[in-house]
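Readers should treat all values here as calculations from the given coordinates under stated rules, not as data from a laboratory. Owing to the predicted nature of the structure, the values given are computational and were not obtained by experimental measurement. Cβ placement follows ideal geometry from the backbone for every residue including glycine, while neighbour counts extend to all protein chains displayed.
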Amino acid sequence: MAVPTHNSALDLGGTFTLTAPARDIETTMNLPGDVHHALLAANLIPDPYFGENEKTVMWVNETAWSVEGQFTATDADIDGFLTLTLAEVDCIATVFLNGEEIARTDNSFVRNDLDVTGKVLAGENTLRIDFDIAPDVAKARADAHPFPIPFTKNYQTNGLKGIHMNFIRKAACHAGWDWGICLMPIGVYGTMSLRKARLARQESVQVDQAHGQNSVELSIKTRLFAFAHGEVELEHTIDGQVIADRLVVEKGENVFTHNVTIKDPKIWWPAGQGEQPLYDLTTNLEGEMTTRKIGLRDLNWVVEKDEIDHSFKCRINGRDITMMGANWIPADAIPSRATPAVVRDLLESARAANMNMLRIWGGGQYEPDWFYDLCDELGILIWHDFMFACMSYPSDRTFLKSVETEITQQVRRLSHHACIALWCGDNEVIGSLDWYPETKADKERYIANYDRLNSMLHRIVEDEDPVRRFWPSSPSLGYMDFSDGWHSDTRGDLHYWDVWHSAKSFEAYRTVNPRFASEFGFQSFTSMNVVETFAEEKDRNPSSPVMENHQRNAGGNARILETMTRYFRFPRDFEQMVFLSQIQQGLAIKTAIEYWRSTKPRCMGTLYWQINDIWPVASWSSLDYGGQWKLMHYMARRFFNLVNVVAVPQVTKVQTNSRGTPVEGQLPDQIALRAINDTGKAASIALEVTAVKVTGESRVVFSGNSAVGPDAAITVVDIPFADLAENEFLYFVWKDAQGNIVGENDYFPKPYKAYELVGADIRAEWSDRDGKAVLTLEADKPAFFTTASVDAPGYFSDNAITLLPGRPVELTFLPRHGQSVRSSDLAGSLKVQHLAETF
Ligand code: BMA
């Protein structure tokens, strides 16, 4: 966690000495940073992500580490009250300044502002941090607790031993997860500085907004910490207005509120719905300057009785806007690697796929300030869990006290951001009571225990950020409701996992009608070029130890392969299997999202699990570790199109299998083509539907114009299934009022394996246009999920597309990280893949 930069602080980051006395190790370490990163740089450990090295490097987190470094202060630097700020110490450590113990840290989500007045010398000073062995501390605490609190089942595949992460405050997924490596990083992250104050320092600046006719009233709440009684000068500047005040402060914490009116406000919208104008708010406390970007938007959640049960929707600037996006996990298991450039790239890919919301999931971390700045800039709203996930937590006084400081600080730090849409108590903690023998056997005790923590979180949000909604948990049916949030689809948010975790058919997604689907996912293998970074040729087999190590959900590889046998013909080799797994993943999630979006306004949010990976692994992500787009990310860009047309098969009598789930490929009676408009303006849709034989012949079965009102979904036409011949599928294209093609989609009534797909000859031609490389693809026969890839960081304007004879498609290459490339740089590495080639 970082504090805003200010000009009167001495940066204490730099090169430190890292030692492990018990192991006779001494090397250098850059701070802020983490131990694994330093050991890698010093060649003292192999790449933990390669092969099965996770096990080889496990000793690192079973070792007591110490970092020590020097900094020089001038007379001027120490002339005043001094605060040593360590934004994030991971995790349990003792801090020494010039040999004197100045703090014990215990919670990596708490910022440490240590009063070191009189303790810093003019000249050289020594800062030392001794880290305890976190897994040992966690175990000792768990053992001493009066009743058992099991750790999450998501550690079942971390290869070694479970760690009682519920007894220590650091990212729960540091100990692994069902997609994560177990490294248990150790380090200091974010701001490390020595701050000087004449009398007081800034603690937090929060901004509330009240939107009027043509103005926005801001209420700026400034929290100062004063070292003594006296007077200070405080100045806020925003939109050319200066609010200067002379304030009397008392020793300790002081809170002041100033109001300012922004006339003719430039309004902030989530991505896709308008611009993201940001106002600079600069706060100057006698030279300690901080700047925050303020986006002006009116946001509230409409959770109220309706004809179904209760709505669950986000109203922004007066419009009920469908939330479309995914779940976010920490960007790297080695914290030093999650740089602003890496994270910006991931967030830009979220926006490029038409997302407007990410959910920061409760088993990860509160992100640094710059993360939320990026979301404000890109128009990505954040559903923010507090950091509790998939297990119970203690509720004794010491634990609650620490969490109270954590949540209070985090809410005060982040509440000014336009992107923060909701505070949510945790991820799946209520549901997890049914997962463990201990909690199942004594549920009342664990619910009471849960409520002590959860009601405190609620109270803190009400006190510290009253304009934001607190949602108890994800999934949850609502306030004080401790019942099953997984399966009720009439209220609250829903996690729907039956397709992945219970092997139901993709069709099962159409048997639930969530109000807001905040988690559902399907795994794929990470792309071939990423597999090559951790698996040698001999290990490229789905049941090799290396590939199994890079799959952390028990039975995950088997689930991927078994599903293939249900929908596709079995792939002919490893590389084709990797490719097909990504087609399959995209298809699963497309089925869910197209259908749920089409039920608008019943369903007002779909956030799939998960957008990113923490290391190279088989997982539910749509972006590979490193940010490359998997096939699903391309499909997401299309299934999240604001104006979209989707096929919804109608089955009068659903046949179910022995598991009570719809059978794969049950033929529909008819196929409804539903037009979805998630814009604030009416959309004109000229739709042409063709029935195409997999061998290429096609005929038009419908053509017509419709108008879809703003924020609405309608059925344009029902196509009787009986009208389709064997081997025919539906392909549809729609144009706007100006006649421009705005979207294409298709629908196969039977599983792909049932069709006699024919080989296609695909011609690829490169050109350069407006400084961009353009690839034209043309096929002589239909080619499905046609995907172009090149060895360069970037993505094509589209991929995983249906190519039809006589319909060439142009794909523009969009480099990530902003470089420009020419087609001649890419042509040599071009690979074009498609479905018929996989078997
Ligand atoms: C969800 C998440 C994670 C997990 C995922 C896949 O419920 O909350 O715990 O990674 O399921 O199993």
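Annotations for the structure displayed:
- Counting charges near F525 (Lys, Arg +1; Asp, Glu -1) among other residues having Cβ under 11 Å from its Cβ returns a value of 0.
- In plain terms, the residue of E235, E54, E726 with the fewest other Cβ atoms within 10 Å comes first and the most crowded comes last, giving E726, E235, E54.
- Distance between the stretch 259-336 and the stretch 439-489 - C-alpha centres, whole angstrom: 24 Å
- The shape of the stretch 1-147 can be summarised by an equivalent ellipsoid whose semi-axes, obtained from the alpha carbon gyration tensor, come to 30, 20, 14 Å from longest to shortest.
- In terms of the mean number of neighbouring beta-carbon atoms within 10 Å, the peptides 32-40, 762-770 order highest first as 32-40, 762-770.
- Helix-derived mean residue ellipticity, 222 nm - over the chain, DSSP H n ≥ 4, -39500 (n - 2.57), to 500: -5500 deg cm²/dmol
- Radius 10 Å from Cβ of F732, net charge of other residues (Lys, Arg +1; Asp, Glu -1): -3
- Considering all C-alpha pairs of the chain, those separated by over 53 Å amount to 14%.
- Ascending count of other beta-carbon atoms within 10 Å, so fewest first, for Y155, Y446: Y446, Y155
- Rounded, prolate or oblate (a/c below 1.5 giving rounded, otherwise prolate when a/b exceeds b/c) for the stretch 613-769 by Cα gyration tensor: rounded
- Ranked by the mean number of other Cβ atoms within 10 Å of their residues, highest first, the peptides 225-231, 791-797 fall in the order 791-797, 225-231.
- Counting Lys and Arg as +1 and Asp and Glu as -1 over every other residue whose Cβ lies under 10 Å from the Cβ of M547, the net charge comes to -1.
- Using alpha-carbon coordinates, inclination of helix 556-567 to the longest axis of the chain, degrees: 20 degrees
- Scattering from the stretch 421-489 was approximated by placing one identical point on each alpha carbon and applying the Debye formula without solvent; log10 I(q)/I(0) at 0.17, 0.18, 0.22, 0.23 1/Å stands at -0.61, -0.68, -0.94, -1.00.
- The angle between the Cα long axis of helix 397-414 and the main principal axis of the chain comes to about 70°, on a 0 to 90 degree scale.
- Shape of the stretch 699-837, Cα gyration tensor, a/c cut at 1.5: oblate
- Anchor K55: lysines whose Cα lies under 23 Å away (excluding residues fewer than 8 positions away in-chain): K139, K153, K161, K170, K538
- For the listed peptides 817-825, 599-607, 404-412, a ranking on the average number of other beta carbons within 10 Å per residue, highest first, reads 599-607, 404-412, 817-825.
- With pairing defined as another cysteine C-beta under 4.7 Å, the cysteines of the chain that fail it are C91, C173, C182, C314, C390, C424, C603.
- Rounded to 10°, Cα long-axis angle of helix 574-598 versus longest principal axis of the chain: 90 degrees
- Anisotropy class of the stretch 585-631 from Cα gyration tensor, a/c 1.5 cut: prolate
- Put the Cα centre of the stretch 643-675 next to the Cα centre of the stretch 752-774 and the gap is 30 Å.
- Gap separating the Cα centres of the stretch 13-28 and the stretch 212-244, nearest whole Å: 44 Å
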